[in-house]
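Shown next, in structure tokens, is the structure this report addresses.
The values are calculated or read from the model by the stated rules, or taken from the named source; none is laboratory data. Source: prediction; values computed, not measured. Heads up, the Cβs are rebuilt from the backbone with ideal geometry, glycines too, and the neighbour counts pull from every protein chain shown.
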Amino acid sequence: MIREKFDLTGKVALVTGSTRGIGQAIGDAFEECGATVIRHNTKVCDLADPAAIDAFFDRLEAEGKMPDILVANASIQAKIPWTEFPLDEAQKELQVNFLATLRMFQRCYPKMKAQQWGRFITVGSVNERRPHPDMCVYAATKSAQENLVRGLARQVAPEGVTVNNIRPGVFYTDRNKDCLADPVYGPKVTAAIPLHDYARPEDAAGAALLLASDAGRYITGSTITVDGGLGLPG
């Protein structure tokens, strides 16, 4: 019975940034459970361009592929001290990491409301709570995204739509592999994690599958932290 609740057969899932890293692992898990997964990268749709987002969703709608499940995973970050952070770079991070999520939610919601079932999932960051000194702008965009999740959850719950956030910790992905491979920095990072290991992309897939499926139907407005205990007090 419980296995059936994770079945995504017949569902269409759009996972942004799903040709590598965490997004790829989430897409793979959804496909394994029966979903039709729309793989996204910047070549498919550049989230930095608002017009491209609408054009992308216009095509999905015309092809009858509007998502039942939307995972807003793609993001950008720049490690620059806030005193030197270029305004145009800050605006780009705000667009990709927050405004694009809002617009995609707006485009997907009518279908979800009409069918009384839908899933919005954002992929945030431990920076929401513990900002890296040189990623204050990135942290701010991820905090805004988390607040959007909590703000929308109550409003769309009567339509059978849930809205949740996954908060990853230190993951070994293309974005982080060089710094984690450093013989000094890498061990320092893992020593600070109670599980004494960094995460791998598939470690986020289980949380995403729970939130996307009927197994997680009663979870909304929540953040699931996948960080090996990094954010625990003490």
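A few comments on the model shown:
- Taking the criterion of being over 17 Å from residue 120 (Cβ atoms), touching a residue at least 60 places away in the same chain (Cβ under 8 Å) and among the aliphatic types (A, V, I, L, M), the residues of region 212-233 that qualify are 226, 230.
- Pick from region 64-119, criterion among the aliphatic types (A, V, I, L, M) and over 23 Å from residue 30 (Cα atoms), ranking: surrounded by the most Cβ atoms within 10 Å (Cβ to Cβ): 96
- Residues of region 79-102 that are among the hydrophobic types (A, V, I, L, M, F, W, C), in contact with a helix residue (DSSP H, G or I) (Cβ under 9 Å, 6 or more places away or on another chain) and not in a loop (DSSP other than H, G, I, E, B): 82, 90, 94, 96, 98, 99, 100, 102.
- Filtering region 181-195 to residues that are within 24 Å of residue 232 (Cβ to Cβ) and in a loop (DSSP other than H, G, I, E, B) leaves 192, 193, 194, 195.
- Residue 162 being part of a helix (DSSP H, G or I), out of contact with any Pro (no Cβ under 8 Å at 6 or more places or on another chain) and hydroxyl-bearing (Ser, Thr, Tyr): no
- Residue 131 meets the conditions (1) assigned to a loop (DSSP other than H, G, I, E, B); (2) touching a strand residue (DSSP E or B) at 6+ places or on another chain (Cβ under 7 Å); (3) crowded, with 16+ Cβ neighbours inside 10 Å in every case but one. The failed one is (2).
- Members of region 168-212 found to be closer than 20 Å to residue 31 by Cβ, out of contact with any strand residue (DSSP E or B) (no Cβ under 8 Å at 6 or more places or on another chain) and not hydrophobic (A, V, I, L, M, F, W, C), listed by number: 173, 202, 206
- From 200, 175, 129, residue being under 30 Å from residue 4 (Cβ atoms) and either touching a residue at least 24 places away in the same chain (Cβ under 8 Å) or not acidic (Asp, Glu) (or both): 200
- Residue satisfying all of: in region 149-177; modelled with pLDDT under 95 and hydrophobic (A, V, I, L, M, F, W, C); surrounded by the most Cβ atoms within 10 Å (Cβ to Cβ) among these: 171
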